[in-house]
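Asker: Right, I'll just put the structure down here and ask away after.
What follows draws every value from the coordinates through simple rules; no lab data is involved. In this text the structure is predicted, and so the values were computed from the model without any measurement. With ideal geometry, Cβ positions are generated from the backbone for all residues, glycine too; neighbour counts draw on all protein chains shown.
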Amino acid sequence: MTMQHSLTPLQFPRHQHPIQHLIHASRYQFQQTLAKQSTTLGQAVEEYISRTGMHPPPHFDVWYEFARSKNVQLIDEYDAITHLLKPFWGIPPAIIRTNARLVFSAEQNEFPGIVIRNGKIGRTEGLAPREETYVNSIREMMDSFAQYLPDMDLVINPKHEPSIIKSQDALARYVRDAGKVRRPQVPRNHFSPTPADLLEGIPLHAGSNVFETNAQTAWSSMTQSCPITSPARDPDGSDNLAAYSYENFIYNTTASVDVCNQPSLSHHHGFFNRPTTLLYSSSLPPVFSVSKISSFNDILMPPPDVYSQGRSVENGTDIDWEDKIDQLFWRGESPTDSSIVQRIVTENKEPVPILKNVNSHWIKDTVPAAEIQALFDIKFTTALDDTEGVISTESAVVAEEIWKSKYVLNLDGPGQSIPGLYTLLKSKSLVFKASIFQAWHDEFLWPWVHYIPLGLDGGDWFENLRYFATEESGKSEGKMIAKESAEWASKVLRKEDMEVCMFRLLLEYVHQFWGFTDVQVRKSNR
């Protein structure tokens, strides 16, 4: 993704704790971004041209008014959509339509489909009950703006795992060819005529262009989209920590979720060594998913499950910050969860790194793990281990137990971790987030402003928690972030925000799915 929630390491003053500096600098950047949002359609169009080098898609004016009516907070911050769709600019639209049709019309296909014809939303037949519920939630999300969309086919991934990977050389070729595409130099507010190959009915066919690979070859398959010179493609490569962390604290969340920077993920992250499902495509079908890792090519959409169900803290169950205890609370059961938390917290017997204030300068030090582990309330619920079976068990967690803690952890995992994150962000507790997965909301939630980012190697977990739980500046900052993140989450994680994002996404997708009938010179990017 292209959003850069980042700072330059050289900016860190030694007399100030790095976390405090990250909070202040990130808050300033966030406030600057918020203040610069477009307030008129003309400004939004100019901002779009400045960022993308081309005019907005047809019905951008309708989308803008729709977004304004929904009180969207960051109306210009949709760069991730441009980035996700960029490789598709290098593929002829007719091929994109064919790839989509071949995926969801295949016998034994893995994906349901949504078809839009004459402003009406339909779906493919023969869906399993969960798939039907999932697709119906998407249809509900689209219902208020479907009339403004041309005919199109959407391939939907109902699984929690991302699905589409393409090799780096192919992606580089697509991106290179995308720069050669001639796009309208003058604005248009109408779509081209319906392509002749867009059929009313989608006939089933034998075979598929999507294949399943196994866990033994998962890492090499998952990183084939990384540059050949990246650490992930080097058999002897090591994590490029300098790209995203300073003194163990994450200053660049874009780089921190880049799989290509972290070959160690292959053996310490459950998704990479025990994937539930991994599909590989010889083409690049446009598949819409709720989460992905950086090396996957899925197109991110808002989560239908969350849209249809809604997530919030039950009235009366949360408690005030002052009444909470200084502990980090987490319960989890998946292999992904256990491989991270067990290694970092429950098994660690070595001294852990912290920072100590000596003569108004913060220097590195270590303390016995036991001194900090008392701040962690970490337990597994029927987590499985390869050799031992069940690691440990914990009874079902009730909301009252979660909200007793000032600090709550949202741990990595594909789509299923998203609903929990939204619930935590809307609470009165401070959210710590450790994730390699990307989602539609990433441009709207800022690290160190709305949550505390944690690395998946565990090097920053202890000092982060120690700072917020024991340092006076940390206690004050933590309380403020918890309050402000709850207020912000209630403004940007609503059903209305998901509708606006989905509308914008589909208007942009039409560029690739339909193409242009009038060929004109492409506008310069800057």
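Asker: So which of Lys292/Lys428; Lys36/Lys483; Lys120/Lys166; Lys36/Lys491 end up more than 26 Å apart by C-alpha?
Answerer: Lys292/Lys428; Lys120/Lys166, as the Cα separations exceed 26 Å there.
Asker: What is the fewest-to-most order of Asp305, Asp258 by other Cβ atoms lying within 10 Å of their Cβ?
Answerer: Least to most surrounded, the residues fall as Asp305, Asp258.
Asker: Next question, about the same structure. Would you mind getting me the FRET efficiency between His24 and Asp365? Use the beta-carbon distance for r and R0 = 25 Å, nearest 0.05.
Answerer: Once the sixth-power term is evaluated, E becomes 0.60.
Asker: Can you pick out the pairs among Lys324/Lys433; Lys349/Lys479; Lys404/Lys426 whose Cα atoms lie more than 21 Å from each other?
Answerer: Among Lys324/Lys433; Lys349/Lys479; Lys404/Lys426, the Cα-Cα distance tops 21 Å for Lys349/Lys479.
Asker: Along the Cα→Cβ direction, 7 angstrom out, place labels at Ile228 and His15. What is the inter-label distance in nm?
Answerer: 5.1 nm
Asker: Separate question: DSSP loop (so not H, G, I, E, B), at most 11 other Cβ within 10 Å: list which trypsin sites (Lys or Arg not before Pro) in the range 62-117 pass both filters.
Answerer: none
Asker: Determine the gain in length on full extension of the stretch Thr40-Ala128; use 0.36 nm per residue of separation and subtract their C-alpha separation, reporting nm with one decimal.
Answerer: 27.2 nm
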